[in-house]
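Read the structure below first, then the notes.
The values are calculated or read from the model by the stated rules, or taken from the named source; none is laboratory data. Every value quoted in this text rests on a predicted model; they were computed, and no experiment measured them. Every residue, glycine as well, gets a Cβ built from its backbone with ideal geometry; the counts of neighbours run over all protein chains shown. All accessible areas refer to the heavy atoms of the entire protein, side chains included, with ligands and DNA or RNA removed. Shrake-Rupley method; radii C 1.70, N 1.55, O 1.52, S 1.80 Å.
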Amino acid sequence: MNTLCIHNPASAALITQLGADDAASVAVKAAAARAAQPAWNAVPLAERKACIVRFRTGVLAELETLAATMTGETGKPIKMSRNELNGLLGRIDFFLQQVDAQLATETVYAEGGMTEQIEHIPLGVVVNISAWNYPWFVGGNVYVPALLTGNAVLYKPSEYATLTGLAMARLLHAAGIPQDVFIAVVGGGEVGAALQAQKIDGLFFTGSYATGAKIAQALGPRMVKLQLELGGKDPTYVCEDANVQNAAESLADGAMYNTGQSCCSVERIYVHEKIYDAFCAAFVDTVKGFRLGDPMAEDTYIGAITRAPQLAVLEAQVADALAKGATLRSGGTRLPGPGNWFAPTVFTEVNHSMELMREESFGPIIGIQKVSGDAQALQLMNDTRYGLTAGVFTPDEARAKALLAQVNAGSVYWNCCDRVSPRLPWSGHGDSGVGLTLSTYGIATFTRPKAWHLRQA
Ligand code: NAD
């Protein structure tokens, strides 16, 4: 057995050491899930739903402790940890409300003794390799509908959110999900790679493009259903008729919430030249008001950077932007430890020659670029290899819709940003990934349609 050390990114203190999986234990767990899945699928849907209802009750009962655990290992400000757990409850409710209709067998033809039906059967054994930044959201988006639809789940939390992942397993088991129907697998990338080598029926991944591309390459010849929810470089355009103060406050929050470590963080802002100076001033003022500090403190807005190597990525983007002529308006440096800290950073006078405007930052840093109008804004918004979300701020609905219709992104926002709804599909274009979670499509994705052709003798 290997060992995994869990550190607090805000203090660098060792929280605990855990036994981690290796290739041999991963194979044993995969075989156990395979053996357990048919019996789980035979459990009536009402009982599977009752387990998830009890899981929801368990999460609610322990919400404060679960929030503190997540904040301890990820550095997420405690209020945001609570927000995530409360948000999870709404997602669970949505899945519970919708799953019956998604699993009902459909009769699509019945004439002259011939009946045609579509049955929705589970994929079988699915793997979920997860990210650390919203572990309850990105994990729950997969394992809640996967379990409801009769799948067994091998769940690998990120090595940066393992205690949270183990709490999920404990609460699911306490709620009645059999031990071998939901199995937590502990470890880093090598354990993820061992998981993907097993005989599995689906792999649902949330993480970086680099890892997603490796997984896609490995699974390519094996005909395993693959979903990849990857990074973004999400743009927003602020038109000259927008309310400058409201847009600046909303976008500063969209860029810096969770210390900028959200897949749908606002990562590029384009502002019409007529309001550029006023917008930049209001934006910088807002960011300067964000309180950075102990993630456990109630008034902390900017927490720690979860992964220490990301500090070097942020520093490189700062150096590149400065070398190419950007104006630094706030922050720009890592802060003294212990722990991983980076000052909220705002650049103006940026352009697309800069890494800051091309590659995912995943930290509290943003570039604001001046544009001459809608045509240039649209061209720049689409000048990216990613396509997760995009937004437009203007009171003019027709103008916003006309622009957003031409943007390549899975989700588009009018006068809002950094928003996810259980009722809407969550997906990306380009290097932001393939497949989707959430909405009714995000339940159906854990099933396969089986076509029945039935002729009366
Ligand atoms: P990561 O790619 O470093 O790790 C993700 C997971 O993959 C971890 O569990 C890790 O242990 C595992 N892994 C690493 N190497 C592997 C390998 N070779 N084979 C199998 N598994 C392997 O990403 P991260 O740092 O955890 O997450 C940050 C990224 O996730 C950002 O790019 C962010 O935008 C993205 N993200 C996307 C969404 C979305 O919904 N699109 C949501 C959250 C995060």
Problem set entry | Degrees, to the nearest 10: 162-174 long Cα axis against longest axis of the chain | 30
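Roll a 1.4 Å probe over the protein chains and send me the accessible area per residue for the range 240-321 in Å². Could the numbers behind the result be given before it?
Values: 2910 Å² over 82 residues.
Each residue of the range 240-321 exposes 35 Å² on average to a 1.4 Å probe.
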Seminar exercise, completed: Rounded to the nearest 10 Å², the accessible area of Leu228 using a 1.4 Å probe with every protein chain kept is 20
Problem set entry | Degrees between helix 135-148 axis and first principal axis of the chain (Cα, 0 to 90, nearest 10) | 20
Exercise. How many angstrom lie between the C-alpha centres of the range 314-351 and the range 1-43?
Worked result: 37
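Please give the per residue accessible area of the range 375-457, computed with a probe of 1.4 Å over protein heavy atoms only, in Å². Before the final figure, lay out the partial values.
Details: 4170 Å² over 83 residues.
Roughly 50 Å² per residue, with all protein chains present.
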Problem set entry | Residues with amide H under 5 Å from that of Val266, placed H, sequence gap 5 or more | Ala255
Exercise. In the full protein assembly as shown, how much of Cys416 is accessible to a 1.4 Å probe, in Å² to the nearest 10?
Worked result: 40
Problem set entry | the range 234-421: antiparallel DSSP beta bridges as a percent of all, rounded to 5 | 20
Exercise. Residues with amide H under 5 Å of Thr437's amide H, sequence separation 5 or more or different chain, H placed in the peptide plane at 1.01 Å from N; which?
Worked result: Trp426
Exercise. Of all the accessible heavy-atom surface of the chain, with the other protein chains kept in place and a 1.4 Å probe, what percent is carbon and sulfur?
Worked result: 55
Seminar exercise, completed: Of all DSSP beta bridges having both residues in the chain, the percent classed as antiparallel (nearest 5) is 45
For this session: Quick one: check the C-alpha center-to-center distance for the range 217-283 versus the range 75-112, whole angstrom.
Result: 26
Problem set entry | Charge tally in the Cβ shell below 13 Å around Asn340, where Lys, Arg are +1 and Asp, Glu are -1, Asn340 excluded | +1
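At a threshold of 8 angstrom on Cα-Cα distance, excluding pairs fewer than six apart, so keeping six or more, what relative contact order does the range 234-421 reach in percent?
On the way: 373 pairs, mean separation 51.5, N = 188.
Value for the range 234-421: 27 percent.
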Exercise. Counting Lys +1, Arg +1, Asp -1, Glu -1, what net charge surrounds Thr394 among other residues with beta carbon under 13 Å of its beta carbon?
Worked result: -2
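Tell me the net charge near Glu64. Cut-off is 14 Å between Cβ atoms, Glu64 excluded, with +1 for each Lys or Arg and -1 for each Asp or Glu.
Numbers: positive: Lys79, Arg82; negative: Glu62, Glu84, Glu298.
Here the charged neighbours net out to -1.
For the chain, what does the helix formula give at 222 nm: sum of -39500 (n - 2.57) over DSSP H segments with n ≥ 4, over the residue count, nearest 500 deg cm²/dmol? Please list the in-between numbers first.
On the way: 14 runs with 182 residues, N = 457.
Result for the chain: -12500 deg cm²/dmol, rounded to the nearest 500.
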For this session: Calculate, for the range 124-206, the solvent-accessible area per residue in square angstrom, rolling a 1.4 angstrom probe over the heavy atoms of the protein chains.
Result: 20
For this session: Using Cα positions and a limit of under 30 Å, work out the lysines in reach of Lys288, with same-chain residues fewer than 8 apart set aside.
Result: Lys76, Lys79, Lys233, Lys274, Lys324, Lys370
Exercise. Tell me, what ³J(HN,Hα) does each residue in the range 441-457 have, in order and in whole Hz, if you take phi through Karplus 6.51 cos²θ - 1.76 cosθ + 1.60 with θ = phi - 60° and put x for Gly and Pro?
Worked result: 4, x, 8, 4, 5, 9, 10, 10, x, 9, 8, 10, 10, 10, 10, 5, 6
Problem set entry | Karplus 3J(HN,Hα) series, Hz, for the range 319-335 with 6.51 cos²θ - 1.76 cosθ + 1.60 (x for Gly, Pro) | 4, 5, 5, 5, 4, 9, x, 5, 9, 7, 9, 6, x, x, 9, 6, 10
Exercise. Relative to the longest principal axis of the chain, what angle (0 to 90°, nearest 10) does the C-alpha long axis of helix 244-256 take?
Worked result: 50
